[in-house]
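**Q** First the structure, then my questions, so here it is.
The values are calculated or read from the model by the stated rules, or taken from the named source; none is laboratory data. Computed from a predicted model, the values in this text were never measured in an experiment. Cβ placement follows ideal geometry from the backbone for every residue including glycine, while neighbour counts extend to all protein chains displayed. Only protein heavy atoms, including side chains, enter the accessible area calculation; ligands, DNA and RNA are left aside. Shrake-Rupley method; radii C 1.70, N 1.55, O 1.52, S 1.80 Å.
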Amino acid sequence: MSLNGKTALVTGGSRGIGRAAAVRLAAEGARVAVHYGTNEAAAKETVETIVAAGGEAFAVGAELGVDGDVDTLFEGLRAGLGGADLDILVNNAAVIDYADNIHDVTRESYDRVMAINVRAPLFITQRALPLMPDGGRIVNVSSGVTWFAQPEIVYAMTKGALNVFTRSLAKTLGPRQITVNTVSPGITETDMNGWLQDPDSAAKVAAIAALGRHGRAPDIGDVIAFFASDDARWITGQVLEVNGGLWLGPNDR
Ligand SMILES: NC(=O)c1ccc[n+]([C@@H]2O[C@H](COP(=O)([O-])OP(=O)(O)OC[C@H]3O[C@@H](n4cnc5c(N)ncnc54)[C@H](OP(=O)(O)O)[C@@H]3O)[C@@H](O)[C@H]2O)c1
């Protein structure tokens, strides 16, 4: 899976799944733009990890979901790329607001989560396309909450939107041989899921996964890198559930 000579942008590459994707893409030879919102220190740590392993990376800061977000991101990206193309785009950055159930959600919170999780990837992709050569790769990061119900309804709706985004975009970009796919993680240990630190909660998750544990960031990052590779050239418009066999059936038989 060589990505030598390729460039990649991973939104939310500073932490969690995005960091794992950035590290793996770089290990395969890509020069990676590690995007972050506010946590510059985490982005620097990701870049240092990549460089220490012999790879190439640079950090790009831009808070998404605010006015001018895409402009800021692409200013930093263009500076870091120094005139090179962008071969791989990973739309990974997202937020969940655990208060966003149907009873408590506010218009402000709805607008914020939609702006970060849906509007930003749409307009980042729009801006990336002129920089992307034919044969490029777009990987979106959705969630298993598109098929299992949970109370955080706005977050789930944003991920449903990304699945639709993937199919539509794959059709539009097919003539340019750009593939567009979605990686849909299950329950994965990152800062977003702090509750997994509780051993009882972790045990409950393990009990409903065929592979007997919750996910770890590299379990997902490695699959993102696969979709970015030449090995995945004949796959487009797909959503792949990457979740260790979550809820494949009842446990009592
Ligand atoms: N963890 C799970 O169980 C799970 C399950 C299904 C799907 N997912 C999806 O996987 C992706 C990564 O999640 P994660 O668990 O790795 O999350 P995480 O550890 O909370 O990291 C989130 C990343 O997104 C960035 N980000 C968040 N809000 C931002 C904003 N407004 N502007 C710019 N950047 C922002 C953060 O940047 P800073 O470091 O600067 O804050 C960070 O790099 C998300 O799309 C999430 O929905 C996660």
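**Q** Between A170, A210, which is more than 16 Å from the ligand (Cβ to nearest atom), at pLDDT 95 or above and open to solvent by 30 Å² or more (accessible area, probe 1.4 Å)?
**A** A210
**Q** Out of curiosity, is A41 more than 7 Å from the ligand (Cβ to nearest atom) and either touching a residue at least 40 places away in the same chain (Cβ under 8 Å) or touching a Cys at 6+ places or on another chain (Cβ under 8 Å) (or both)?
**A** The answer is no for A41.
**Q** For the structure I just gave you, tell me whether G54 is surrounded by fewer than 19 Cβ atoms within 10 Å (Cβ to Cβ), touching a His at 6+ places or on another chain (Cβ under 8 Å) and either at pLDDT 95 or above or farther than 30 Å from Q177 by Cβ (or both).
**A** no
**Q** Suppose we keep only residues that are of a type outside the set (A, V, I, L, M, F, W, C), part of a helix (DSSP H, G or I) and open to solvent by less than 70 Å² (accessible area, probe 1.4 Å) within the range 189-206. Which one would you say is nearest to the ligand (Cβ to nearest atom)?
**A** Per the criteria, the residue is N193.
**Q** Okay, moving on. Among the residues in the range 211-230, are any farther than 30 Å from G29 by Cα and either out of contact with any helix residue (DSSP H, G or I) (no Cβ under 6 Å at 6 or more places or on another chain) or among the acidic types (D, E) (or both)?
**A** Yes, the range 211-230 has at least one match.
**Q** Tell me, which residue of the range 107-117 that is touching a helix residue (DSSP H, G or I) at 6+ places or on another chain (Cβ under 6 Å) and buried (at least 19 other Cβ atoms within 10 Å of the Cβ) is nearest to V154 (Cα to Cα)?
**A** Out of the qualifying residues, it is V113.
**Q** So which residues in the range 213-223 are touching a Ser or Thr at 6+ places or on another chain (Cβ under 8 Å) and open to solvent by 20 Å² or more (accessible area, probe 1.4 Å)?
**A** Once the filter is applied, which keeps residues that are touching a Ser or Thr at 6+ places or on another chain (Cβ under 8 Å) and open to solvent by 20 Å² or more (accessible area, probe 1.4 Å), the range 213-223 yields H214, R216, D219.
**Q** Still on this model: Look at the range 224-253 and say how many of its residues are among the aliphatic types (A, V, I, L, M) and either open to solvent by less than 40 Å² (accessible area, probe 1.4 Å) or touching an Asp or Glu at 6+ places or on another chain (Cβ under 9 Å) (or both).
**A** The qualifying residues number 6.
**Q** Moving to a separate point now. Picking from L77, L86, L64, L25, which residue would you name as being open to solvent by less than 40 Å² (accessible area, probe 1.4 Å), more than 16 Å from the ligand (Cβ to nearest atom) and either in contact (Cβ under 8 Å) with a residue 24 or more places away in the chain or more than 25 Å from Y155 (Cβ to Cβ) (or both)?
**A** Checking each option against the conditions leaves just L86.
**Q** Output the residues belonging to the range 174-188 that are touching a residue at least 60 places away in the same chain (Cβ under 8 Å) and surrounded by fewer than 21 Cβ atoms within 10 Å (Cβ to Cβ).
**A** The answer is G174, and nothing else.
**Q** Of the residues that make up the range 38-47, is at least one in contact with a His (Cβ under 9 Å, 6 or more places away or on another chain) and at pLDDT 95 or above?
**A** Taking every residue of the range 38-47 in turn, at least one turns out to be in contact with a His (Cβ under 9 Å, 6 or more places away or on another chain) and at pLDDT 95 or above.
**Q** Which residue pairs have Cβ atoms under 9 Å apart, sit 6 or more places apart or on different chains, and have a first residue in the range 236-248 that is closer than 24 Å to G136 by Cβ and a second that is crowded, with 17+ Cβ neighbours inside 10 Å and modelled with pLDDT under 95?
**A** No pair meets every condition.
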